[in-house]
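This report refers to the structure that appears directly beneath it.
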Amino acid sequence: MSAFPEIDRIAYEGPQSRNPLAFRYYNPDEVVEGKPMKDHFRFSVAYWHTFRGTGADPFGSPTMLRPWEDKVDSVENAIRRVRVAFEFMEKLGVGFYCFHDRDVAPEGASLAETNRNLDAVVRVLKEEQARTGICLLWGTANLFSHPRYMHGAATSCNADAFAYAAAQVKKALEITHELGGANYVFWGGREGYQNLYNTDMKRELDHLARFMHMAVEYAREIGFTGQFLFEPKPKEPTKHQYDFDAAACINFLRSYGLAQHVKLNIETNHATLAGHTMQHELEYAAMQGFLGSIDANTGDLLLGWDTDQFPTDIYLTTQCMLTILKWGGLAPGGVNFDAKVRRESFEPIDLFYAHIGGMDAFARGLKIAAAIRADGRLESLLRERYASWDSGVGAEIEAGQHNFRTLEAYMLGKGEITPNRSGRQELIENLINSYL
Ligand code: XLS
Ligand code: NI
Ligand code: NI
């Protein structure tokens, strides 16, 4: 039984193609900067949005037409959905997927029953991975949907919620390991606060760190060698999330001795909610050695929340790829489409259009970024801008040969600084446009 009988494997047809079910730029085996496109991206489908998204929003009911779904959230339904998911991913030609434990299997009446449900579905996931060669980019645990987590999970005021979350992550690590997951993600969920009157922030952060250390230890125990990732987000659902942005996450990881175990999963819409650009967050994480993986999506300029739309803006993907190429790529991370079709795009075929668009946008971004790098003009403008540091006093300062006293003597001798040079912002913007 096929869920998408009218759709063949999506093929690369080139920029001239008018076929909306073809790639115009994403050509998996085409080599860019010495590496096939598919290895640059390691594209991944997000199980929660693509197969569990209903189209419901705070103002309205579900809209999505998903003929393979029945009304009861049964294990049979969950297994049927796995087959559909792998048919979709195979036809799309992605190599990876990501899930939360609760995306793939329904909760039971007790933790034990929930774990059994999960095991039943994981068997089928494993079977489908073997059949298709599609791999698990990362697993994670949903520690935010169930009412037991209303105050958070690892940072809850209720110690039992912490314990339940620990049991859940233990299991999530086991199945991620079982499925050969390349990474394991912690996103904050409800780890944050609504106000500080009733919050012991220090205690909550200590607990979060203890929780992550337990995860690292358990991973070692079971032989899971995937990369741990922490996913920054400044707000939603709480008004202040502890994993606010890359800088806050890195500070947390360093303060609590987790830096050697955990990198970051950077998401576009979270970067912009934090008042940064995606490129800023990527650059900041990468320069500190914390760039792990990315959740590719985009927000809407006119809406202030995490709309998780598919990325279609070529400026955005170019900036991402400039930074990712500069810092040597993402693996064992990848480009996970943590993105959903909008509620008005309710037909199954819209899932194909959405992912094709995102993959093509990234492929164009990669090619544009590679062209910019090959041409070298941007780089030489950057180099010239910092030329004063390549010799003379600049080089001496960088080499640690100066202090305030020697620099005062230098400036007293010189009297005034060498004149500043133009930053050439408009020239650079024109230059970037010339590659698009
Ligand atoms: C929510 C997050 C979430 C994580 C996985 O905003 O993006 O989807 O990626 O828990
Ligand atoms: Ni995400
Ligand atoms: Ni998000």
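The values are calculated or read from the model by the stated rules, or taken from the named source; none is laboratory data. It should be emphasised that the depicted structure is a prediction, and the values quoted were computed from it without experimental measurement. For neighbour counting, all protein chains shown are included, and Cβ atoms are generated from backbone atoms with ideal geometry for every residue, glycine included. For accessibility, only protein heavy atoms count, side chains too; no ligands or nucleic acids. Shrake-Rupley method; radii C 1.70, N 1.55, O 1.52, S 1.80 Å.
Structure data summary
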{"quantity": "Conditions (1) under 29 Å from VAL185 (Cα atoms); (2) open to solvent by 40 Å² or more (accessible area, probe 1.4 Å); (3) more than 16 Å from ligand 1 (Cβ to nearest atom); (4) outside any helix (DSSP H, G or I); number of the one not met by TRP68", "calculated": "(2)"}
{"quantity": "Residues (among the polar types (S, T, N, Q) and under 17 Å from ALA172 (Cα atoms)) located in the stretch 111-161", "calculated": "THR114, ASN115, ASN117, THR140, ASN142, SER145"}
{"quantity": "Inter-residue pairs, beta-carbon under 6 Å, first farther than 12 Å from PRO106 by Cβ and in the stretch 55-80, second at pLDDT below 95, 6+ apart", "calculated": "none"}
{"quantity": "Members of the stretch 411-429 found to be more than 19 Å from TRP389 (Cβ to Cβ) and open to solvent by less than 100 Å² (accessible area, probe 1.4 Å), listed by number", "calculated": "GLY413, GLY415, LEU427, ILE428"}
{"quantity": "Sole exception among (1) in contact with a helix residue (DSSP H, G or I) (Cβ under 6 Å, 6 or more places away or on another chain); (2) at pLDDT 95 or above for ARG131, by number", "calculated": "(1)"}
{"quantity": "Members of the stretch 277-330 found to be modelled with pLDDT under 95 and more than 16 Å from ligand 2 (Cβ to nearest atom), listed by number", "calculated": "ASP300, LEU301, LEU302, LEU303, GLY304"}
{"quantity": "From GLY189, GLY180, residue being on the phi > 0 side of the Ramachandran plot and either within 16 Å of ligand 3 (Cβ to nearest atom) or part of a helix (DSSP H, G or I) (or both)", "calculated": "GLY189"}
{"quantity": "Verdict on ASN269 being more than 16 Å from ARG42 (Cβ to Cβ), modelled with pLDDT of 95 or more and open to solvent by less than 10 Å² (accessible area, probe 1.4 Å)", "calculated": "yes"}
{"quantity": "Residue within the stretch 243-254 that is farther than 24 Å from ALA296 by Cα and away from ligand 2 (no atom under 16 Å from the Cβ) present", "calculated": "yes"}
{"quantity": "Some residue of the stretch 2-11 being closer than 23 Å to LYS326 by Cβ and open to solvent by 10 Å² or more (accessible area, probe 1.4 Å)", "calculated": "no"}
{"quantity": "The stretch 196-253, residues that are open to solvent by 30 Å² or more (accessible area, probe 1.4 Å), not charged (D, E, K, R) and not in a helix (DSSP H, G or I)", "calculated": "LEU196, TYR197, ASN198, GLY223, THR225, GLN227, PRO237, HIS240, PHE244"}
{"quantity": "Complete set of residues in the stretch 122-150 that are part of a loop (DSSP other than H, G, I, E, B) and either within 16 Å of ligand 2 (Cβ to nearest atom) or surrounded by 18 or more Cβ atoms within 10 Å (Cβ to Cβ) (or both)", "calculated": "ILE134, ALA141, ASN142, LEU143, PHE144, SER145"}
{"quantity": "Meets criteria (hydroxyl-bearing (Ser, Thr, Tyr), surrounded by 13 or more Cβ atoms within 10 Å (Cβ to Cβ) and assigned to a loop (DSSP other than H, G, I, E, B)) for SER345", "calculated": "yes"}
{"quantity": "Residue identified as free of Cβ contacts under 8 Å to residues at least 40 places away in the same chain and open to solvent by 10 Å² or more (accessible area, probe 1.4 Å) among GLY93, GLY108", "calculated": "GLY108"}
{"quantity": "Yes/no for HIS261 being open to solvent by 20 Å² or more (accessible area, probe 1.4 Å) and either more than 14 Å from ligand 1 (Cβ to nearest atom) or within 13 Å of the chain's Cα centre (by Cα) (or both)", "calculated": "yes"}
{"quantity": "Hits in the stretch 12-43 - residues which are open to solvent by less than 60 Å² (accessible area, probe 1.4 Å) and more than 13 Å from LYS367 (Cα to Cα)", "calculated": "GLY14, SER17, ASN19, LEU21, ALA22, PHE23, ARG42, PHE43"}
{"quantity": "Count - residues of the stretch 301-342 that are within 13 Å of ligand 3 (Cβ to nearest atom) and in contact with a Ser or Thr (Cβ under 6 Å, 6 or more places away or on another chain)", "calculated": "3"}
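Let's see how each residue does on (1) within 16 Å of ligand 1 (Cβ to nearest atom); (2) surrounded by fewer than 22 Cβ atoms within 10 Å (Cβ to Cβ):
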| site | (1), (2) |
| --- | --- |
| ILE294 | yes, no |
| ASN297 | yes, no |
| LEU302 | no, yes |
| THR307 | yes, yes |
| ILE314 | no, yes |
| THR317 | no, no |
| TRP327 | no, yes |
| VAL335 | yes, no |
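Matching residues to (1) free of Cβ contacts under 8 Å to residues at least 24 places away in the same chain; (2) open to solvent by less than 40 Å² (accessible area, probe 1.4 Å); (3) in a helix (DSSP H, G or I):
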{"residue": "ILE356", "(1), (2), (3)": "no, yes, yes"}
{"residue": "ASP360", "(1), (2), (3)": "no, yes, yes"}
{"residue": "LEU366", "(1), (2), (3)": "no, yes, yes"}
{"residue": "ALA370", "(1), (2), (3)": "no, yes, yes"}
{"residue": "ALA374", "(1), (2), (3)": "yes, no, yes"}
{"residue": "VAL393", "(1), (2), (3)": "yes, yes, yes"}
{"residue": "GLU396", "(1), (2), (3)": "yes, no, yes"}
